[in-house]
Protein chains: 2
Amino acid sequence: MVRKSTEIRQEEIKKAVLDIIYRSGLKKLSTKNIAKEVGISEGSIFRHFGTKKDIIMSIMDDVIKDFIEPLREISLQNEHPEKRLYKHLCKTITYLKENKGITLLMFSEASYENDVDMKEKLTHIFQSQRQLVGKIVSDGIAMQLWDESVSTDSFSHLYMGIPITLNVEIALKGEDVDIKSFCKHNMDMLLKILSK
Amino acid sequence: MVRKSTEIRQEEIKKAVLDIIYRSGLKKLSTKNIAKEVGISEGSIFRHFGTKKDIIMSIMDDVIKDFIEPLREISLQNEHPEKRLYKHLCKTITYLKENKGITLLMFSEASYENDVDMKEKLTHIFQSQRQLVGKIVSDGIAMQLWDESVSTDSFSHLYMGIPITLNVEIALKGEDVDIKSFCKHNMDMLLKILSK
DNA sequence: TATCTTTGTAAGTGATTACTCACTTTAAGA
DNA sequence: TCTTAAAGTGAGTAATCACTTACAAAGATA
């Protein structure tokens, strides 16, 4: 019997959740399967997390820490808006590619359970991401680099579609993407919208 | 005991599925709840559909008939590409608004079950929609109306993000949308991308 | 070495799942 | 009016779900 600290087990459990989700879908995400994946008994899961929901919520907190916060830094930097927009896009696509299970988990779990807390956290993540793009765009317009008739709201809506559509394609077809060329092509289109 | 034909009951069952999904989320979509919503016994459900999966698949067929086919007509019409693109966009947004449960059902059920048949049908719907936009764009480029350096693939990817993001926002916040102004704003941005 | 907290487990819990089956009721056609 | 096929029912099925509990073992500290 190997004993590990709660901290380590929590990480192992969260990793197992993402692996199962990506490999087999949400239906297979049972506490029994999570335990099997980690290599502990089902009861042990509840030593380290109070409920199954707590596991998902903790993963969402990781997303905020590992993805939204870096995104915030990029957006609020004192750098040329075009460079910031490019970095924002690349960071988003890269995170998505490297964490395929996560977005799938968040969207499907939130709509499956229809749980208020989970929806709230997911909305926060989604809105933060959107607002940070909006900030870059309004900076660019204020600096008279970009077309002031472009609505930041409409633009950020369109922008959010890029990672979400990619996510859908990954979920449906397991398709992979070449980050560099993908970012470049999308950036070209975005700049055409923003140009005067 | 009221008796109705299988055809009518099938429609009632499919309507119940969408109502439950939109109102309470996928977790509440049990055959027991469907039966309760329709007002028949659980056993009756299986008189009219072989399995629960058959119900979902039948709903997806409805989407092809009621949404993809009209979209195909619009796209293949002999009309000015700009008009066709606008009609395609409006039809998409309108269908989404009037059938809020459907897209939610398709995406979450497909990723929940991770079922091959369901994923295949969903991919077909998704790809058809995307290809039809691509057709309009390549027509416009061939007619030398639009910038030939724009990749139809990248454009259609970006385009697909519009309905999907709207769908996510509806799912998360129950947000509604003013179709006319929403279409106009997005159309403006799309035309900027396509312009020479 | 003795104690005590933490981590582990096996075997449960009741609730819920999709689906079946033996049987009854309805309504249309002969 | 009689027959028959279709529609409806309620009580079942085994499987699975998240979670609990009583108890054992490990490892750090005294």
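The values are calculated or read from the model by the stated rules, or taken from the named source; none is laboratory data. All values derive from a computational prediction rather than experimental measurement. Every residue, glycine as well, gets a Cβ built from its backbone with ideal geometry; the counts of neighbours run over all protein chains shown. Each accessible area value is taken on the protein alone, full model and side chains, heavy atoms only, with ligands, DNA and RNA left out. Shrake-Rupley method; radii C 1.70, N 1.55, O 1.52, S 1.80 Å.
Would you mind counting up the charge near A:Ser5? Only other residues with Cβ under 13 Å from its Cβ, with Lys and Arg at +1 and Asp and Glu at -1.
Working: positive: A:Arg3, A:Lys4, A:Arg9, A:Arg47; negative: A:Glu7, A:Glu11, A:Glu12.
Net charge in that neighbourhood comes out at +1.
Considering only the other residues whose Cβ falls under 13 Å of the Cβ of A:Leu145, what net charge follows from Lys and Arg at +1 and Asp and Glu at -1? Kindly include the intermediate steps, with their values, before the conclusion.
Details: positive: A:Lys83, A:Arg84, A:Lys196; negative: A:Glu79, A:Glu82, A:Asp139, A:Asp147, A:Glu148.
Neighbour charge sum, excluding A:Leu145 itself: -2.
I'd like the Kirkwood hydrodynamic radius of segment A:74-196, using the inverse of the mean 1/r over distinct C-alpha pairs, in Å.
So the Kirkwood estimate lands at 15.4 Å.
Return the aspartates and glutamates within reach of B:Lys15: Cα separation strictly under 12 angstrom, same-chain partners fewer than 8 residues apart disregarded; answer none if there are no such residues.
Cα-Cα hits under 12 Å: B:Glu37, B:Asp62.
Rounded to the nearest 10 Å², what accessible area does B:Val38 show when all protein chains are kept and the probe is 1.4 Å?
The accessible area comes out at roughly 30 Å².
Per Stokes-Einstein, at 25 °C and 0.890 mPa s, what whole-number D in µm² s⁻¹ belongs to segment B:1-50, with the Kirkwood radius over Cα pairs as the hydrodynamic radius?
Estimated via Stokes-Einstein, D reaches 226 µm²/s.
Give the nm distances, rounded to one decimal, from B:Lys36 to the matching residue in every other copy, measuring between label points 7 Å along Cα toward the beta carbon; shortest first.
Shortest to longest, the spacings are 3.0 nm.
How far is A:Met187 from itself in the other copies, in nm, if each label sits 7 Å out from Cα along the Cα-Cβ line, shortest first?
Its label point is 3.2 nm from the equivalent points in the other copies.
Could you derive backbone 3J(HN,Hα) for segment B:59-71 from the dihedral phi with the Karplus parameters 6.51, -1.76 and 1.60 (θ = phi - 60°), listing whole Hz in sequence and x where the residue is Gly or Pro?
Karplus-based 3J(HN,Hα) across segment B:59-71 equals 5, 5, 5, 4, 4, 4, 6, 8, 10, 5, 5, x, 5 Hz.
Would you rank B:Ile162, A:Ile74 by solvent-accessible area, highest first, keeping every protein chain in place and using a 1.4 Å probe?
On the way: B:Ile162 0, A:Ile74 25 Å².
Per-residue accessible area, sorted high to low, gives A:Ile74, B:Ile162.
How large is the charge dipole for segment A:1-50, taken about the Cα centre, if only the Cβ atoms of Lys, Arg (+1) and Asp, Glu (-1) carry charge, to the nearest 20 debye?
120
Please work out the Kirkwood hydrodynamic radius for segment B:4-100, using every pair of different C-alpha atoms, and report it in angstroms with one decimal place.
Working: mean 1/r = 0.0663 Å⁻¹.
Taking the inverse mean of 1/r over all distinct Cα pairs, segment B:4-100 comes out at 15.1 Å.
If you rotate chain A onto chain B, whose Cβ in A ends up lying nearest the axis, and how many Å away is it?
Of all Cβ atoms in chain A, the one nearest the axis gives A:Gly161, 1.
Please give the net charge around A:Ala16, taking every other residue with its beta carbon less than 9 angstrom from that of A:Ala16, where Lys and Arg add +1 and Asp and Glu add -1.
Its environment carries a net charge of 0.
Hey, for B:Val2 with labels 7 Å out along Cα-Cβ, what do the inter-copy distances come to in nm, ordered shortest first?
Inter-copy label distances (nm, one decimal, shortest first): 6.1.
Let me check I have the definition right: for the protein assembly as shown, take the eigenvalues of the Cα gyration tensor, multiply each by 5, take square roots. What are those semi-axes in whole Å, largest first? Display every interim value, and only then the final one.
Values: eigenvalues 254, 190, 56 Å².
With the √(5λ) rule applied to the protein assembly as shown, the semi-axes are 36, 31, 17 Å.
Enter the mean number of other protein chain beta carbons within 10 Å of the beta carbon of each residue in B:108-116, as an integer.
For this peptide, the per-residue mean of nearby foreign Cβ atoms is 6.
In percent, how large is the relative contact order of segment A:53-191, given Cα pairs closer than 8 Å and 6 or more residues apart?
This gives 32 percent for segment A:53-191.
Which of the pairs B:Lys100/B:Lys192; B:Lys27/B:Lys121; B:Lys52/B:Lys173; A:Lys91/A:Lys135; A:Lys192/B:Lys173; A:Lys14/A:Lys173 have their Cα atoms more than 20 Å apart in this structure?
Violating the 20 Å limit, Cα to Cα: B:Lys100/B:Lys192; B:Lys27/B:Lys121; B:Lys52/B:Lys173; A:Lys192/B:Lys173; A:Lys14/A:Lys173.
With every atom except the alpha carbons ignored, what do you get for Rg and Dmax of segment A:139-196, in angstroms?
Every Cα atom of segment A:139-196 included, Rg and Dmax give 13.8, 41 Å.
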